[in-house]
Amino acid sequence: MNISIFGLGYVGAVSAGCLAKDGHRVIGVDPNQTKVNLINEGTSPIVEKDIGGIISASVREGRLTATTSVAEAVQNSEISLVCVGTPSQLNGSLDLTYVRRVCEEIGAAIAQKASFHVVVARSTMLPGTMRDVVIPTLEASSGKRAGVDFGVCNNPEFLREGTAVSDYYQPPKTVIGETDGRSGDILATLYVNMDAPLIRTDVATAEMVKYTDNVWHALKVGFANEIGNICKSLGIDGHKVMDIFCHDHKLNLSSYYLKPGFAFGGSCLPKDVRALTYKAKTLDIETPILNSILPGNQLQIQRGIKMITEHGKRRIGILGFSFKAGTDDLRESPVVDVIETLIGKGYDLKLYDKNVTLASITGSNRDYILNHIPHISRLMVSEMSEILTHAEVVVVGNGAAEFRDILSKIRPDQVVIDLVRIGSGRSEPGRYEGICW
Ligand SMILES: NC(=O)c1ccc[n+]([C@@H]2O[C@H](COP(=O)([O-])OP(=O)(O)OC[C@H]3O[C@@H](n4cnc5c(N)ncnc54)[C@H](O)[C@@H]3O)[C@@H](O)[C@H]2O)c1
């Protein structure tokens, strides 16, 4: 394919070299004449393992050139990859100056072009930037319509400096956010030989994935450092601890616990976060990340309460209030927090949980209910149908299988608040609302 690459920094130079090495004809574009000259001389404009040899060979073999002329590059390519910088402004917001300018320039060149051209944003930009900045700017400067007269995709880059070339060939995944299938198909051909999952999705999801990834990586570093600092204070080798931690691919390094939903609870997580952060405090070790976990969890409970109460209805039914489906354990169940707040505000409540009926539970949990939350036991009913008869707002509090077809059971005047994504996740305001979807 004939490809133009805008921005010859870390991402652009690596993409240009590797795509040319793969046999494509690549034109690099940058307003910086020095970078353009360097490429044309066969020299890499960045210091990065393996890229020097790739660029010099590609230039020598005539597959890679560079220019400052946008018109020449767009005219002689079918697809443009935008790799310009998106730095932080002083207040932390994203500086889109370079993105805007490059879109104006590419749009003006597309205006002069008869054939279909695809513009692919590889720069990291916040969700909504494609919709609010990239597409409108390209449309205004080209006088053409995105998705019809030219194509637009978002294709976040996952390479790491220092291992950029090997990351380019073995990325963890390739994500294509597309406005139209035709553009996505054209872009996908660049990745046919990649040994990585190719995921095609909408543009905003692709934009968000990149931030989710990087914030997660930053969180991992901060988390490991705080654990290491506590370990050092306790005379424990933090590397040994984290090595063992990393052996666990079931709960630690896995998709488990990584689905947006309601607050965590139960007899272990809140207690153990509290104990470790208190221990750190006694050791004079600052752990702002660990300290933020419980307040964050509390805010998710408040969010659930707000969603339930903002409907202005008094009759509430709760389906599932043990801290997760399949258990009768109510200790530190966040749904119990919700229930207590609603009781305190005078709501008319009924509660149902197949696993929590006074007739069936025994031992410490029965004592807990009778001694600690007797006000809750009075509201418990033994049939789900009683909730559906009573409630104006039905809250799904855990993921028990019997709640799955709840939407087919409610009346038109009832609304379901889903804290656990029991349904498909498609929000229907006034009928079905998920806590964070
Ligand atoms: N560096 C990384 O490891 C990395 C990894 C993944 C994603 N990203 C993202 O990719 C984007 C680029 O990052 P980078 O580190 O390569 O940036 P960089 O600052 O190294 O390079 C950006 C280049 O864009 C050029 N440029 C500016 N305006 C231009 C225009 N109108 N036309 C053509 N070129 C123009 C600049 O001259 C510069 O050479 C950023 O959004 C960044 O967040 C970077």
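Overview of results
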| read-out | value |
| --- | --- |
| Label point 7 Å beyond Cα of residue 145 along Cβ direction - residues of the stretch 158-190 with amide nitrogen under 17 Å | 179-183 |
| Equivalent ellipsoid semi-axes - Cα gyration tensor, the stretch 331-437, angstrom | 25, 14, 14 |
| Theoretical FRET efficiency, 1/(1+(r/R0)^6), r = Cβ-Cβ of residue 385 and residue 234, R0 56 Å, to 0.05 | 0.55 |
| Difference of contour (0.36 nm per residue) and Cα-Cα distance, residue 408 to residue 241 | 55.3 nm |
| Subset of 173/409; 271/409; 220/281 violating a 30 Å alpha-carbon distance limit | 173/409; 271/409 |
| Protection proxy ranking of 146-155, 336-345 - average other beta-carbon atoms within 10 Å, highest first | 146-155, 336-345 |
| Protection proxy ranking, peptides 307-316, 417-426, average beta carbon neighbours within 10 Å, highest first | 417-426, 307-316 |
| The stretch 54-201: C-alpha gyration tensor shape, a/c 1.5 cut-off, then a/b vs b/c | rounded |
| Test item: Cα-centred dipole of the stretch 154-297, Lys/Arg +1 and Asp/Glu -1 on Cβ, debye | 600 debye |
| Accessible-area value, residue 101, 1.4 Å probe, nucleic acids and ligands omitted, Å² | 120 Å² |
| Solvent-accessible area, 1.4 Å probe, carbon plus sulfur percent, for the chain | 53 percent |
| Under 16 Å from the Cα of residue 240 - lysines, other chains or at least 8 residues apart | 232 |
| Percent RCO, i.e. relative contact order, over the chain, from Cα pairs under 8 Å lying at least 6 residues apart | 9 percent |
| Computed helical MRE - 222 nm, the chain, DSSP H runs ≥ 4 contributing -39500 (n - 2.57), nearest 500 | -12500 deg cm²/dmol |
| Calculated FRET efficiency for the pair residue 201/residue 366, C-beta based, R₀ 56 Å, to 0.05 | 0.70 |
| Residue-normalised accessible area of the stretch 54-168, expressed per residue, 1.4 Å probe, Å² | 42 Å² |
| Helix runs (DSSP H) in the chain reaching 30 Å along axis by Cα, Kyte-Doolittle at least -1.0 | 203-233 |
| Highest average packing first - 9-19, 401-411, Cβ atoms within 10 Å | 9-19, 401-411 |
| FRET E, pair residue 160, residue 212, Förster distance 22 Å, beta-carbon r, rounded to 0.05 | 0.85 |
| Accessible area in the full protein assembly, largest first, 1.4 Å probe, for 104, 207, 386 | 104, 386, 207 |
| Flagged links, alpha-carbon separation over 19 Å, of 259/350; 313/345; 21/49 | 259/350 |
| Diffusion coefficient, µm² s⁻¹, Stokes-Einstein with Kirkwood Rh over alpha-carbon pairs of the chain at 25 °C and 0.890 mPa s | 96 µm²/s |
| Two-decimal ratio, the stretch 245-404, of alpha-carbon radius of gyration to 2.2 N^0.38 Å | 1.14 |
| Percent of C-alpha pairs per 5 Å bin, the stretch 306-377, short to long | 3, 16, 29, 26, 15, 8, 3, 0 |
| Backbone N under 12 Å from the residue 283 label point (7 Å along Cα→Cβ), restricted to the stretch 197-230 | 225-230 |
| Gyration tensor (alpha-carbon) shape descriptor, the stretch 15-81, a/c threshold 1.5 | oblate |
| Share, in percent, of DSSP beta bridges within the stretch 33-156 that are antiparallel, nearest 5 | 10 percent |
| Per-q log10 I(q)/I(0), the stretch 164-275, q = 0.10, 0.18 Å⁻¹ (Debye; single scatterer per alpha-carbon; no solvent) | -0.49, -1.11 |
| Antiparallel DSSP beta bridges within the chain, percent to nearest 5 | 10 percent |
| Counted charge near residue 302, where neighbours are those whose Cβ lies closer than 15 Å (Asp, Glu -1; Lys, Arg +1) | 0 |
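The values are calculated or read from the model by the stated rules, or taken from the named source; none is laboratory data. What you see is a predicted model, and the numbers here were worked out from it, not measured in a lab. A quick note on method: Cβ atoms are made from the backbone with ideal geometry, for glycine too, and the neighbour counts reach across all protein chains shown. Just so you know, the surface numbers come from the protein's heavy atoms only, side chains and all, with ligands and any DNA or RNA stripped out. Shrake-Rupley method; radii C 1.70, N 1.55, O 1.52, S 1.80 Å.
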